[in-house]
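The values are calculated or read from the model by the stated rules, or taken from the named source; none is laboratory data. Note that the structure is a prediction, hence the values are computed from the model and not measured. Every residue, glycine as well, gets a Cβ built from its backbone with ideal geometry; the counts of neighbours run over all protein chains shown. The accessibility values were calculated without ligands, DNA or RNA, using every heavy atom of the protein model including side chains. Shrake-Rupley method; radii C 1.70, N 1.55, O 1.52, S 1.80 Å.
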Amino acid sequence: MTVFWQEAACERPDSYLDWEYRTRKTMGETWCSVLIRLVPDGDDYLPALRKLREVVDQGRQPEDNVSAATISIRMSDDERAVLARRIGSGKPIDDIEAQFFIYRLEPFIYDGGGYRKHSFYETIFAGPPIVGLTFNDRNETAEPLTFPHPIVTNKTVAIGIVDDGIAFAHSRFRSSRHKSRIAAIWLQETERRRDRDNGVLFGQRLDGNSIDTLLAAHDKDDDIYREVGATDFGANLYNPLASQVTHGTHVLDLASGGESEDRPIFAVQLPSAATIDTSGVTMGSYVLQAVRMIMSWADQFGIDQKAPVPLVINFSYGLSAGPKDGTLLLERTLLDLVHHRSKHVAPTRLVLPAGNNYRARLTASMKLPSTAAQSLDWVILPDDKTANFLEIWIDGGAAPKHCSVEIELTPPGGLPSIKLRPKSNRISALTVEGRPIAGIYYLVTGTDRDARERILLAINPTARNENDRDLAPSGSWGISIKNRSRRPLDAHFYVQRDDTPFGYPHRGRQSRLDHPRAYARETQTGDYRLHAADCPIVYHDTLSSIATSPAAGPDHVVVVGAAEATDGYPPADYTSSGPTKLRAGPDCAAIADQGDAHWGVIAAGTFSGSTAIMRGTSVAAPQVVRQLAKQLVTSSVTAPQGNPVGTADRGRLGEVIVPLPQTCPVQRRYPV
Amino acid sequence: MAWLSGESGESGESGESGEALRSTSASTARALISSREGVVGAWKQVDSPPPNYATDSSALDLWSAPVRLKTLQAEMLAGIYYDDSGKESVAVEYRSRHDASSKSLIHLLRPRENDFAAQLDYVNNYAALRYERSGEIVSEQTKILAFLGSVGFLHPDRMRRTTEVLKLVLGVTGVIEMRIKHALACRRPVEYSPQIQPMISTPGHGSLPSGHSSESFAAAFVFYDLITQAGATEPSQTDPVFVQLMRIAERIAINRTVAGVHFPVDSVAGMVLGQTLAEFFIARFRTANVRPRTFDGRGFEGDFSYERVLKMDYFKSKELAKRPEPIIKEGTAVSMEESSLLRRLWDEAIAECTLMINPRPKAAR
């Protein structure tokens, strides 16, 4: 077996996508989502807007040089409606409004290792090819969702949710037996059976009227999901709405179950393909589209009454690796959208969970004086069907010409190691018979004193997987970092999230860091997994990497940790901790466990009338959504309210603990 | 009436009396026959017989534990009468051999069909806790003292007499409650809706009052009296020991609703019965006052909470009574006399409890 390290030029500006591209086998039609920003003519965006509409209507850009039968650019009808409104309004637009989400066939996005240049737009980022979904045809004329005459009062606050497994027929999301509060839902994975919903590239949208018709026609929730195709054991690989417990349903019940029609719901159900690939590489673009879709709906809702609704969006998801300084593109873009809508349309909030990684050993921190070296291990598990990623962020290098550190990576099983100072736009890959199984990437972000360096390590799955990627060996991969600069450096290690999401058959397994000094005795649990003081693996800096924007400033994004309802309301064992560069910790916390023997909180199970218990910062976030929505009824200023948190716990619980809403009519226990 | 030897938890489920456990096997009997023949030798007349036993309460010490229990049960059940001429109600009365007439203990009137039907929502909602409480519910089918006793050091060998007192209370409550259940003949939740589908089998007796509630509260109140009497402290509803005993009994009762075999109103009636019977038993143990009570279930609405029962804070639904009419009423306390047999057991239990309890500060008045 010929195994050796090989260097090559990157084919993608995003290293995660480069690895995906480099290690994939065959793929069908490769549509990718792309976030673009139009290029103005001086101050005037109108020519670029018009040009965009033209190419979307035609289905191709002239420079693509494809035949008339080929479609190479698409846009969802709801986004096309936004485009049309911006052209029609005649008002000047700002650079957030100049951003649009399009889909392009993969070959047309890239040129060499960078994004292809166009005259009227630049590419902000592109997602990986959309896997496993069937594409709808396109509508010649856009058919966006409209909301004729909804009753919007000054008490109406809309709830947005992006999640997996949202039981949209559930009685907790209705205002009466046959009237749903869900104003619109995009099932990103479920193709419509009969007439396709060509208003979206994949999946289908249902508006409130369609759901009401289904509620009137069927007594059983399950029949509705079967009619719509969401549950179909013949056609679907995954049928989340057939399980007892679904993440999105539980979360939505906490956020807005049992409310009146003053809380319309806009929902987007992520496809299994995205939820399964928890590294977030796939997730990012689905989520961004979902949030844009929710906002375009919310902007249209109640437009007759000229009352754009306030909106609180729950996104109970997190990643664990990233710059953690507010610059991650997904995080930055989400925040821009939320700030923009809040400033120009109506109060808007985004609520995110803080993360469940406190004890997961995903974070390490090293201080390296010049010429010093330190090492640790990265444990890759066997039977892991998805790739593993580790980001090493280096601060203090100050606009380096070369990578400030030398990294040595030693695979298990006697495979060759490598020692190098990686270069930008290059990948060093460990290849087996010429096919890569592990890779090292490098880039520099920021300038001068704000410069940060990132090394990305990628390791392939360790078990036979659907995408037929070549296997890497499982076990401890040794990583050693040596400071080759003259300045002292800080190195932060973040392992990317890679576990199997709730309710799915085992696929990814979470890798973690390891070190001989990570086995001191932990007085709280009595076990031997405490990180000693000189161990680089740390409990702090474990916040979700999409929840790291500054806490000061407009409170449009709220990060929520998990508390346990026992004496003293301690942090839940798993709830992630700050500080990150811009944040001491989450903004607040909510109850995610009601006792050591009463873990989790009770809320709706998948089917009407059922209940389920779930825990995690995922169930803390929606409780804050509920509270903020109530505040937005009477004020445009919101702040989480609850019992104050002691100074010692603020890094994990924020300022206050929000009280548990009464979504379950029975008491599990006497409260403390 | 036979009951599970040891504890009476699942009321009325019959078992063997404890004697069966000590019966001699056929092979041992054969061995005793042949061994006797081998050693007995010639028969000798008995010329100095031992004196007969004193027939006072000290004779109790001669008997085996199951026999003591049956003996004391007979003593405790003596003088209790049931008046169910009211057709949908029953009155429990006590008349000692010296009394000219009966004294009322408790009067229960059963809820209407609609009242029970309205309670079904609670049974359905509480089902959310079934999975989580299944360990407790399965245990509590037969074991109640383990839960109440965990508040103190109620080890069956270390606190033999105290355990006897409590088992007696459970057993006698069980008998009385069956007679009441028969008189009221209330349907179980499973008979109202095919969607209840209880997680354990519904027992073969009426729904109201709840046996688990009656027994748990009877034992809880008697245990608390033992503790305060032994420690010479003032009983108080804010005493943490009292609070925990009440909460445990309450949870045992609510778990029956979680399981799908009782309505909350059954637990309310059960607690009123348990509290009244506890006062009655205590009077029979040590001469004390008993407050007769009425539970009128017609128009009952709401969920069960022990604090509301203590405060008698349940009122009939507005469609039945324009002015608030209470569901639970208490009459004037009446003194009832102890039985010397029961008194003996009580004193022995008090002596044990005095050892068990650490000196505690006087409870606040």
Cα principal axis extents for segment A:304-361, largest first, Å: 52, 20, 12
Portion, in percent, of the accessible area of segment A:31-129 that falls on carbon or sulfur, probe 1.4 Å: 49 percent
Neighbour cut-off at most 12 other Cβ (10 Å), DSSP loop, trypsin sites (Lys or Arg not before Pro), segment A:115-150: A:117
Packing rank of B:41-48, A:310-317, B:212-219, A:456-463, where each peptide gets the mean count of other beta carbons within 10 Å, highest leading: B:212-219, A:310-317, A:456-463, B:41-48
Leading residue at positive end of dipole, segment A:363-514 (Cβ point charges), from A:431, A:472, A:441: A:441
Average beta carbon contacts from partner chains per residue of A:17-24, 10 Å cutoff: 0
Relative contact order computed over segment A:363-514 (Cα-Cα under 8 Å; 6+ residues apart), in percent: 43 percent
Ranked by how many other beta carbons lie within 10 Å on average, peptides A:104-112, A:242-250, B:174-182 from highest: A:242-250, B:174-182, A:104-112
In sequence order, calculated HN-Hα J values of segment A:23-37 (Karplus, 6.51, -1.76, 1.60; Hz; x Gly/Pro): 10, 7, 9, 7, 8, x, 5, 9, 7, 10, 7, 9, 9, 10, 10
Three-way shape call for chain A based on the alpha-carbon gyration tensor, with the a/c threshold at 1.5: oblate
Amide H contacts of residue B:106 (H built 1.01 Å from N, under 5 Å, at least 5 apart or other chain): B:92, B:293
Förster radius 30 Å - calculated FRET efficiency between residue A:91 and residue A:63, Cβ distance, rounded to 0.05: 0.50
Separation of alpha-carbon centers, segment A:433-503 and segment A:651-670, rounded to whole Å: 38 Å
Local net charge near residue A:578, Cβ-Cβ under 10 Å (Lys/Arg +1, Asp/Glu -1): +4
Inter-site label distance for residue A:534 and residue B:48 at 7 Å from Cα along Cβ, in nm: 8.8 nm
Interface residues, segment B:100-147 - accessible area loss of 20 Å² or more versus chain alone, probe 1.4 Å: B:125, B:126, B:128, B:129, B:132, B:133
Cα gyration tensor, chain B - rounded (a/c under 1.5), prolate or oblate: prolate
Calculated FRET value between residue B:81 and residue A:179, using beta carbons and R₀ = 51 Å, to 0.05: 0.30
Where A meets B: accessible area buried, both sides, 1.4 Å probe, Å²: 900 Å²
Carbon plus sulfur fraction of accessible area for chain B, probe 1.4 Å, in percent: 51 percent
Residue-averaged [θ]222 nm for chain A, counting only DSSP H segments that reach four residues, each worth -39500 (n - 2.57): -5500 deg cm²/dmol
Efficiency of FRET between residue B:289 and residue B:74 - r from beta-carbon atoms, R0 25 angstrom, step 0.05: 0.55
Of all accessible heavy-atom area on segment A:158-346, the percent that carbon and sulfur account for (1.4 Å): 49 percent
Helical mean residue ellipticity (222 nm; -39500 (n - 2.57) per DSSP H run of 4+; nearest 500) of chain B: -15000 deg cm²/dmol
Computed over chain B: relative contact order in percent, which uses C-alpha pairs under 8 Å that are six or more apart: 21 percent
Relative packing of B:32-38, A:175-181, B:254-260, which averages over residues the other C-beta atoms within 10 Å, highest first: B:254-260, A:175-181, B:32-38
Residues of segment A:222-248 with amide N under 16 Å of the 7 Å Cα→Cβ point at residue A:134: A:226-239
Cα gyration tensor category, rounded, prolate or oblate, for segment A:422-560 with a/c compared to 1.5: rounded
Averaged over A:663-670, number of beta-carbon atoms from partner chains that fall within 10 Å: 5
Net charge of Cβ neighbours under 14 Å - reference residue A:179; Lys, Arg +1; Asp, Glu -1: 0
Per residue value of the accessible surface for the protein assembly as shown (all protein chains in place, 1.4 Å probe), Å²: 42 Å²
Percentage relative contact order, chain A, counting C-alpha pairs under 8 Å, at least six apart: 16 percent
Formal net charge of residues neighbouring residue A:270 (Cβ-Cβ distance under 10 Å; K, R +1; D, E -1): -3
